[in-house]
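The next block holds one structure in the form of structure tokens; read it before the comments.
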Amino acid sequence: MAVQHSPFSVNVRDLVNRPGEMREQRLDVPAPEQYGEGLVAVRQGSEVAVDVRLESVHEGILASAEVDATAEGECGRCLTDIALPVEVEFQELFAYHSGEAFEYEVQDDHVDLESLIRDAVVLALPFQPVCRPDCPGLDPVTGLRLADHPELVTPEQTDPRWAALAGFTASEDEGTVPSASDADQKRD
Ligand SMILES: [Zn+2]
């Protein structure tokens with residue numbers, strides 16, 4: 001009976017014990033399980049695209065991968081549904097079985113990228129995902145999205161001390177991004 005391989009397992013028989021050989025491969029695989037437990041996660045079944053470069057080296061197979069996926073969930077401020085691109089890279093040596101304890105080994109002429117892909121994706125997921133960087137969140141009284149109801153944004157919700165501080169630091173920051181007031185002056 002054939003060994004059951006994970007969907008992210010790659011056959012490297014053509015590279016085994018041929019140092020210097022190299023091959024690139026693309027995998028488009030539905031996530032076999034959900035990746036992540038937070039506000040956003042890569043859902044089971046959503047497509048995970050992996051571009052992997054496999055290099056035969058003396059000790060084993062060096063895998064360098066770029067992973068593209070989409071995390072779905074909720075904005076941490078306004079709870080609206082969001083989808084965020086997830087792009088991560090990793091490199092790992094899959095050693096030939098040598099009796100030494102390697103975390104990753106070439107097994108049955110295959111390298112299994114699944115746990116590496118899962119770990120890299122989970123680490124890349126934001127703890128505080130937002131629909132947009134300046135999402136104003138929800139109105140504390142009505143629970144409505146402030147982005148949809150700008151009339152609910154009262155001046156008190158923008159602390160004037162922060163506005164003043166922002167202007168102060170911008171003007172002290174010589175030679176960097178011009179502040180809004182500088183830009184206004186230069187436009188003339
Ligand atoms: Zn939001």
| Check on THR70, within 16 Å of the ligand (Cβ to nearest atom) and either exposed (fewer than 11 other Cβ atoms within 10 Å of the Cβ) or among the hydroxyl-bearing types (Ser, Thr, Tyr) (or both) | no
| query | Out of (1) of a type in the set (A, V, I, L, M, F, W, C); (2) closer than 22 Å to VAL130 by Cα; (3) out of contact with any Pro (no Cβ under 6 Å at 6 or more places or on another chain); (4) at pLDDT 95 or above, the odd one out for VAL40 is which? | reply | (3)
| request: For the range 99-148, enumerate the residues that are under 20 Å from PRO7 (Cβ atoms) and part of a strand (DSSP E or B). | output: GLU105, GLN107, HIS110, VAL111, ASP112
| query | With respect to ARG77, is the statement that it is more than 30 Å from ARG13 (Cβ to Cβ), surrounded by 14 or more Cβ atoms within 10 Å (Cβ to Cβ), within 16 Å of the ligand (Cβ to nearest atom) and among the basic types (Lys, Arg) true? | reply | yes
| Any hit, the range 59-67, residues being surrounded by 20 or more Cβ atoms within 10 Å (Cβ to Cβ) and in contact with a Cys (Cβ under 8 Å, 6 or more places away or on another chain) | no
| said: Considering only residues that are among the β-branched types (Val, Ile, Thr) and either out of contact with any strand residue (DSSP E or B) (no Cβ under 8 Å at 6 or more places or on another chain) or surrounded by fewer than 20 Cβ atoms within 10 Å (Cβ to Cβ) (or both), which ones fall in the range 93-126? | reply: VAL122
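The values are calculated or read from the model by the stated rules, or taken from the named source; none is laboratory data. Every value quoted in this text rests on a predicted model; they were computed, and no experiment measured them. Virtual Cβ from ideal backbone geometry, glycine too; neighbours counted across all protein chains shown.
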